Amino acid sequence: MFFLRKAIDCKLNDNIPLSTPIDDIIFTVFDTETTGFDVATTDRLIEIGAVQVKGTTVLENETFHTYVNPNRDIPPVIVELTGITEEKVRHAPIAIEVLQQFFQFVEQKQSACFVGHYIPFDLLVIKHELRREKIKFHKPTFIDTLDLIGFIAPSYDMRDLERYAQAFGTRMYERHSAIGDALTTAYLFVELLEQFRLRGYRTWGELLRATDSQMRSLSF
């Protein structure tokens, strides 16, 4: 048995009045790539990418991207899927260093919220990487694009990011690349926000209630 020696928090700018217009909210849209799905035990983070969004504008010049040295082999199926080879990660920083840099990036941008496509998985990746360092990660404010899609178009029943981007007519970038998927998700997110506003919703509080992400059960 071991004890978590401390907590690490990404200092989100989340004490924002719920009446704040969505146009004034800054979001960090991010994605991760890993060696597999068993991130609680054997699988590790190998890439993280993020882009900032303000309201319904993707800030393409405000991005974060790095490969991560997992200190283990990358399975051939993951190399084929992502294009991430041993050579790309060999001299990359380890996870704890990357996450500290990522959190610093988010804090400097005064982001209020994390956004991702099926984001619970990405948050669990972060949680378990920090747990290996005996550091506790408190669940942050987040929005899953799947929840927003469910609110706007409940008839859709799929998870694939590319198919949603096609369905909503948004830009697509390189698949199974953390920065590529983050950019695709960002453009999907802003299109969803536009449709959310067309339905008469305007505020930060309405967005949080509509997505209901904060009520989602995560094993934190």
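How high is the relative contact order of the chain, in percent, counting Cα pairs under 8 Å that sit 6 or more residues apart? Walk me through the numbers before you get to the answer.
Values: 392 pairs, mean separation 64.8, N = 220.
The value is 29 percent.
Among PHE168, PHE189, PHE142, the largest mean-square fluctuation in a Gaussian network model of the chain (Cα springs under 10 Å) belongs to PHE168.
A cut-off of 5 Å between modelled amide H atoms, ignoring neighbours fewer than 5 places along the same chain, links ILE25 with GLY55.
Taking Lys and Arg as +1 and Asp and Glu as -1, the other residues whose beta-carbon sits under 15 Å from that of GLN104 total -2.
Across the cross-link table entries LYS88/LYS136; LYS11/LYS134; LYS88/LYS109; LYS109/LYS139; LYS54/LYS127; LYS11/LYS136, which are compared at the Cα atoms, the separations over 23 Å belong to LYS88/LYS136; LYS88/LYS109; LYS54/LYS127.
Surface exposure of the chain, expressed per residue as accessible area with a 1.4 Å probe, stands at 48 Å². What a 1.4 Å probe finds exposed on the chain is 47% carbon and sulfur by accessible area, rounded to a whole percent.
Reducing the range 146-168 and the range 96-141 to their Cα centroids gives an inter-centroid distance of 24 Å. Taking the chain as a Gaussian network of alpha-carbon nodes connected by springs under 10 Å, the highest mean-square fluctuation of the residues ASP38, ASP181, ASP147 belongs to ASP38.
A viscosity of 0.890 mPa s and a temperature of 25 °C, combined with the Kirkwood radius over C-alpha pairs in the Stokes-Einstein formula, give the range 27-176 a diffusion coefficient of 150 µm²/s. Shown in residue order for the range 83-95 are the 3J(HN,Hα) couplings computed by the Karplus curve 6.51 cos²θ - 1.76 cosθ + 1.60 at θ = phi - 60°: x, 8, 9, 4, 4, 5, 9, 4, 9, 7, x, 7, 4 Hz (x for Gly and Pro).
Tally the DSSP beta bridges in the chain and give the antiparallel ones as a percent, rounded to 5. Before the final figure, lay out the partial values.
Details: 18 of 28 bridges.
The antiparallel proportion sits near 65 percent.
Amide H contacts of GLU47: GLU33, VAL68, each under 5 Å away and 5 or more positions distant or on a separate chain (H built 1.01 Å from N in the peptide plane; Pro and chain starts excluded).
Karplus-based coupling profile of the range 40-46, in residue order and whole Hz: 6, 10, 9, 8, 9, 5, 10, with θ = phi - 60° in 6.51 cos²θ - 1.76 cosθ + 1.60 and x standing for Gly or Pro.
Translational diffusion of the range 1-104 was estimated from the Stokes-Einstein equation, with Rh taken as the Kirkwood radius over Cα pairs; at 25 °C and 0.890 mPa s the coefficient is 154 µm²/s. In order along the range 108-122, the phi-based Karplus estimate (6.51 cos²θ - 1.76 cosθ + 1.60, θ = phi - 60°) of 3J(HN,Hα) comes to 4, 7, 6, 5, 8, 6, 8, 10, x, 9, 6, 5, x, 5, 5 Hz; Gly and Pro are listed as x.
Using 0.36 nm times the number of residues separating HIS65 and ALA167, minus their current alpha carbon distance, what extension gain do you get? Write down the numbers at each step before the final one.
Details: separation 102, 0.36 × 102 = 36.72 nm, distance 2.70 nm.
Answer, rounded to one decimal: 34.0 nm.
Taking amide H as placed 1.01 Å from N in the peptide plane, VAL115 has its amide H under 5 Å from the amide H of THR28, VAL29, PHE30, ILE143, each at least 5 places away in sequence or on another chain.
Sum up the charges of everything whose Cβ sits under 12 Å from the Cβ of ASP160, counting Lys and Arg as +1 and Asp and Glu as -1, but leave ASP160 out. List each step's numbers first, then the result.
Numbers: positive: ARG159, ARG163, ARG175; negative: ASP157, GLU162, ASP181.
Once positives and negatives cancel, what remains is 0.
The values are calculated or read from the model by the stated rules, or taken from the named source; none is laboratory data. The structure displayed is predicted, hence computed values, not measured ones. Note that we place each Cβ from the backbone using ideal geometry, even for glycine, and neighbour counts take in every protein chain shown. Side chains are part of the model used for accessible areas, which takes the heavy atoms of the whole protein and leaves out ligands, DNA and RNA. Shrake-Rupley method; radii C 1.70, N 1.55, O 1.52, S 1.80 Å.
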